[in-house]
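The values are calculated or read from the model by the stated rules, or taken from the named source; none is laboratory data. None of these values were measured; they are calculated from a predicted model. All Cβ positions, even for glycine, are placed from backbone atoms using ideal geometry, and neighbour counts span all protein chains on display.
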Amino acid sequence: MTTDFRRREFIPLLAAAALRPCAAGAQQSDRMRRVGLLPVGYREADPEGQARMAAFRDSLARLGWSEGRNVQLEFRWSKNEIDDITAEAAALVGSAPDVIVISSNLGLSILQKLNKSISTVFVQISDPIGSGFVGSLSHPDGNFTGFQNFEAAIGGKWLGLLKEVAPAIVRVAVIAYPDTAAHSEFLRAAEAVAPSLGIQVSAIKAHNADETGRGIAEFANAGGDGLIVLPHPANINSRALLVELAARLHLPAIYPFNYFAKDGGLVSYGFDQIEQWRGAAGYVDRILGGTKPGDLPVQAPTKYELIVNLKAARELGLTISPSLLATAYEVIE
């Protein structure tokens, strides 16, 4: 499958329905409804996690759902480790909410084993078909639906952008987690375009942040000169460490989400996650109103944003071309 990753306006397929002024679910039932949220990848004190929960809450309120009056939100925050995520997901399923909202492939794969019937809206999920979460994007069936992160082909796009930013790179490592099936697809996509770019691609396979750090250091000491950081709870949770390590080891790196670049990373290429959380509120509203999750199509981003951190580039001795800067959504001085 080919994907156009050029800049386009973000217009979700059902944005109008998600933000409509009359909330079908809120109007159809006066009884208290319960929504459980497990934002895997973000600790409770993380401002990025809180921003996503605020967007969800705000959108749900606009649809007529008032906390304490007709809806109760149950937040579950994890330490972003498999055992802890599993415990929080099991507790959430055990509390039997009307709808569950969850993020990350790792989180959803754990929930999938525990939850066979509760309606679930997922957010920030990569390659949901290839990962076995849904059988179809247009009509997912089952009790899962939601919002997709990236298609597999973006692995090649990340590599191409990194080469534009740092033309001298010849050895690039992809930080991949075996617990996330989509990472294998991202890696294959990068490997497919690598020969045309004169790059050798390898994988740093890790199970936690400590293993990732050691793998990056070993890669740099062996002559590696570039990194692709894939979307994963461990990478999100340890983003400050990853950005600092890449800078200290003089490794140009590309990241999947804008906060990596805003926190000092060289460049990021991804989409606006906040909008997906707003969309998730719209889907929750529709499900509470009686729509089956399987009848709601999985939505994908339609705008990808390139963010370049010039301060990080200067510290790495890189000069970003004017043509690339012209395509950037944001340039951080």
* Asked: Just checking, which of LEU266, LEU245, LEU227 is surrounded by fewer than 22 Cβ atoms within 10 Å (Cβ to Cβ) and either in contact with a Leu (Cβ under 9 Å, 6 or more places away or on another chain) or more than 30 Å from ALA61 (Cα to Cα) (or both)?
  -> LEU245
* Please tell me if ALA234 is modelled with pLDDT under 95, under 20 Å from LEU187 (Cβ atoms) and buried (at least 24 other Cβ atoms within 10 Å of the Cβ). => yes
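Each row is one residue, and each column tells you yes or no for (1) touching a Gly at 6+ places or on another chain (Cβ under 8 Å); (2) hydroxyl-bearing (Ser, Thr, Tyr); (3) at pLDDT 95 or above.
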position: ALA91; (1), (2), (3): no, no, yes
position: ALA96; (1), (2), (3): no, no, yes
position: VAL101; (1), (2), (3): yes, no, yes
position: LYS116; (1), (2), (3): no, no, no
position: PHE122; (1), (2), (3): yes, no, yes
position: ILE129; (1), (2), (3): yes, no, no
position: GLY135; (1), (2), (3): yes, no, no
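Here's the yes/no breakdown for (1) crowded, with 18+ Cβ neighbours inside 10 Å; (2) over 19 Å from the mean Cα position of the chain (by Cα); (3) at pLDDT 95 or above:
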residue	(1), (2), (3)
LEU14	no, yes, no
ALA18	yes, yes, no
ASP30	no, yes, no
VAL35	yes, yes, yes
PRO39	yes, no, yes
GLN112	yes, no, yes
* Kindly establish whether GLY290 is in a loop (DSSP other than H, G, I, E, B), assigned by TED's automatic domain parsing to the domain that holds GLU67 and not polar (S, T, N, Q). => yes
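Can you go through PHE144, PHE133 and tell me which one is over 16 Å from the mean Cα position of the chain (by Cα), more than 28 Å from VAL331 (Cα to Cα) and among the hydrophobic types (A, V, I, L, M, F, W, C)?
Every option except PHE144 fails the conditions.
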* **Index of the failed condition, ASP285 passing every other in (1) within 30 Å of VAL99 (Cβ to Cβ); (2) outside any helix (DSSP H, G or I)** => (2)
* Asked: Across segment 37-67, what is the number of residues that are of a type in the set (Gly, Ala, Ser) and not in a loop (DSSP other than H, G, I, E, B)?
  -> 6
* Hits in segment 293-333 (condition: closer than 26 Å to ILE100 by Cα and assigned to a loop (DSSP other than H, G, I, E, B)) -> LEU296, PRO297, VAL298, ALA300, PRO301, THR302
* Structure fact -> Scanning segment 68-85 residue by residue, the ones that are outside any loop (DSSP other than H, G, I, E, B), farther than 30 Å from GLU211 by Cα and either in contact (Cβ under 8 Å) with a residue 60 or more places away in the chain or not acidic (Asp, Glu) (or both) total 3
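Condition check ((1) part of a helix (DSSP H, G or I); (2) outside the structural domain of LEU242 (by TED's automatic domain parsing); (3) farther than 17 Å from PHE257 by Cα) across all residues:
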{"position": "GLY130", "(1), (2), (3)": "no, yes, yes"}
{"position": "PRO140", "(1), (2), (3)": "no, yes, yes"}
{"position": "PRO178", "(1), (2), (3)": "no, no, yes"}
{"position": "ARG188", "(1), (2), (3)": "yes, no, yes"}
